[in-house]
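S.K.: Starting off with a structure, shown below.
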Amino acid sequence: MRRVIVIGAGAAGSMAAIFAASGGADTLLIERTRDGGRKILISGGGRCNVLPSRVDESRFVTDSSPNLLKKIVRAWPLAEQRAFFEDTLGIPLEEEVESLKLFPASHKARDVRDGLLEYARKVGVRMRMESRVVDVAPVEAGWEVTLDDGTVLKADAVIIATGGLSVPNTGSDGAGLNMLKALGHTLHSTYAALTPLTTTDAAFNELSGISLTVSLTARSALSQVTWRGGFLFTHHGYSGPSVLNVSHVPVRARAG
């Protein structure tokens, strides 16, 4: 039987483990936190925006091939994805029309996290929580994965799904990126996205806490993005869905 190790029990890692085990592989899911899926719990303001309500590649940002992005987005038809959550996991979804996103009808992100991990166990995924991977190395017979307690695990295939750098206390601390770099992969520069924008200009401080719906456009030499949605004045700048969805443009422009 093919042995597969998946590193990271977030959304991507849980799904990878589910499909590996469902395909007949002896699958081990390794997670550094005690429970996994912590970024799922905070996504969508604690409600978890599970899926987009329609397929639109223009809403995704990549420094890689746009054609590759399209193939990835359309590899699993949206209708089948929705059926997986609703029929297989038993999590009804409902559309938020303004954001074009699907949320669990319960509006509880925990239902999504728990549903994924419960189903993973159901299809035979073994889990090793509170275990940190410190090295992934190719060997003649496959791969060796070394844990921080010195344990060395062997596998025929390894999937690194540790997230980026967004929320370190959920497990996304860059460890997986370092592993991939050490293995010889080329990495694009990282930058903050879906982030509030800060400023030292105090001109609008008195408006802090006020929100409104706007159509916001961000332009740079690299791209232009327009998004209509909520806009929030904060003590140190601006936030809200419209700001978050265009934030990558000014962030990348600042980085030069």
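S.K.: Quickly run through region 23-52 and pick out the residues that are of a type in the set (S, T, N, Q) and in a loop (DSSP other than H, G, I, E, B). Don't jump to the end; show me each part of the working.
M.R.: Of all residues in region 23-52, those of a type in the set (S, T, N, Q) come to 27, 33, 43, 49.
Across region 23-52, the qualifying residues are THR33, ASN49.
S.K.: Looking at (1) farther than 19 Å from ALA16 by Cβ; (2) modelled with pLDDT of 95 or more; (3) assigned to a helix (DSSP H, G or I); (4) among the charged types (D, E, K, R), which one does GLU95 not meet, given that it meets all the others?
M.R.: It is condition (3) that GLU95 fails.
S.K.: Now, a different point. Mind counting the residues in region 153-204 that are touching a helix residue (DSSP H, G or I) at 6+ places or on another chain (Cβ under 6 Å), of a type outside the set (A, V, I, L, M) and surrounded by 18 or more Cβ atoms within 10 Å (Cβ to Cβ)?
M.R.: Result for region 153-204: 2.
S.K.: Let me ask another. So ARG121 fits all but one of (1) free of Cβ contacts under 8 Å to residues at least 24 places away in the same chain; (2) touching an Asp or Glu at 6+ places or on another chain (Cβ under 7 Å); (3) among the charged types (D, E, K, R); what number is the exception?
M.R.: (2)
S.K.: Shifting gears a bit: Report yes if some residue within region 113-126 is under 25 Å from TRP227 (Cα atoms), surrounded by 12 or more Cβ atoms within 10 Å (Cβ to Cβ) and at pLDDT 95 or above; otherwise report no.
M.R.: In the first step, residues of region 113-126 are kept if they are under 25 Å from TRP227 (Cα atoms); the result is none.
No, that holds for no residue.
S.K.: Moving on. Taking the residues in region 160-185 that are of a type in the set (Gly, Ala, Ser) and outside any loop (DSSP other than H, G, I, E, B) as candidates, determine which candidate is farthest from ARG32 (Cα to Cα).
M.R.: Filtering region 160-185 down to residues of a type in the set (Gly, Ala, Ser) leaves 161, 163-164, 166, 171-172, 174-176, 182, 184.
Subsequent filtering for residues that are outside any loop (DSSP other than H, G, I, E, B) retains 175-176, 182.
Details: ALA175: 11, GLY176: 12, ALA182: 20 Å.
My answer is ALA182.
S.K.: Please count how many residues of region 233-256 are surrounded by 13 or more Cβ atoms within 10 Å (Cβ to Cβ) and more than 24 Å from the chain's Cα centre (by Cα). Break it down stepwise before answering.
M.R.: First, pick out the residues of region 233-256 that are surrounded by 13 or more Cβ atoms within 10 Å (Cβ to Cβ): 233-234, 236-253.
Those left that are additionally more than 24 Å from the chain's Cα centre (by Cα): 233-234, 236-237.
So the count comes out to 4.
S.K.: Now for a separate question. Given (1) surrounded by fewer than 17 Cβ atoms within 10 Å (Cβ to Cβ); (2) modelled with pLDDT under 95, identify the lone condition not met by HIS107.
M.R.: Every listed condition holds for HIS107 apart from (2).
S.K.: Has region 68-76 got at least one residue that is aromatic (Phe, Trp, Tyr), in a helix (DSSP H, G or I) and under 24 Å from LEU117 (Cβ atoms)? Full working, then the answer.
M.R.: So in region 68-76, the residues aromatic (Phe, Trp, Tyr) come out as 76.
Checking the rest, the ones that are also in a helix (DSSP H, G or I) come to none.
Scanning region 68-76 turns up no residue that is aromatic (Phe, Trp, Tyr), in a helix (DSSP H, G or I) and under 24 Å from LEU117 (Cβ atoms).
S.K.: Among the residues of region 203-211, is there at least one that is within 17 Å of GLU98 (Cα to Cα) and within 25 Å of the chain's Cα centre (by Cα)? Explain how you work it out, then say what you get.
M.R.: Restricting attention to region 203-211, the residues satisfying the condition of being within 17 Å of GLU98 (Cα to Cα) are 211.
Now drop any that are not within 25 Å of the chain's Cα centre (by Cα), which leaves none.
Checking region 203-211: not a single residue is within 17 Å of GLU98 (Cα to Cα) and within 25 Å of the chain's Cα centre (by Cα).
Matching residues to (1) β-branched (Val, Ile, Thr); (2) more than 23 Å from GLY237 (Cα to Cα):
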residue: ASP149; (1), (2): no, yes
residue: LEU165; (1), (2): no, no
residue: SER172; (1), (2): no, yes
residue: ALA182; (1), (2): no, yes
residue: THR190; (1), (2): yes, no
residue: THR200; (1), (2): yes, no
residue: VAL214; (1), (2): yes, no
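S.K.: Looking at region 1-22, can you tell me whether even one residue there is at pLDDT below 95, touching an Asp or Glu at 6+ places or on another chain (Cβ under 7 Å), outside any helix (DSSP H, G or I) and more than 24 Å from ASP149 (Cβ to Cβ)?
M.R.: Within region 1-22, the subset at pLDDT below 95 is 1.
Remaining after also requiring touching an Asp or Glu at 6+ places or on another chain (Cβ under 7 Å): 1.
Subsequent filtering for residues that are outside any helix (DSSP H, G or I) retains 1.
Now restrict to residues that are more than 24 Å from ASP149 (Cβ to Cβ): 1.
Yes.
S.K.: So if I check each of ARG82, ARG113, which one is in the same structural domain as ASP56 (by TED's automatic domain parsing), in contact (Cβ under 8 Å) with a residue 60 or more places away in the chain and either of a type in the set (D, E, K, R) or in a helix (DSSP H, G or I) (or both)? Full working, then the answer.
M.R.: Working: ARG82 fails: in contact (Cβ under 8 Å) with a residue 60 or more places away in the chain.
Answer to the selection: ARG113.
The values are calculated or read from the model by the stated rules, or taken from the named source; none is laboratory data. The shown structure was predicted, so the numbers you read here are calculated from the model rather than taken from an experiment. Glycine also receives a Cβ, built like all others from the backbone with ideal geometry; neighbour counts cover every protein chain displayed.
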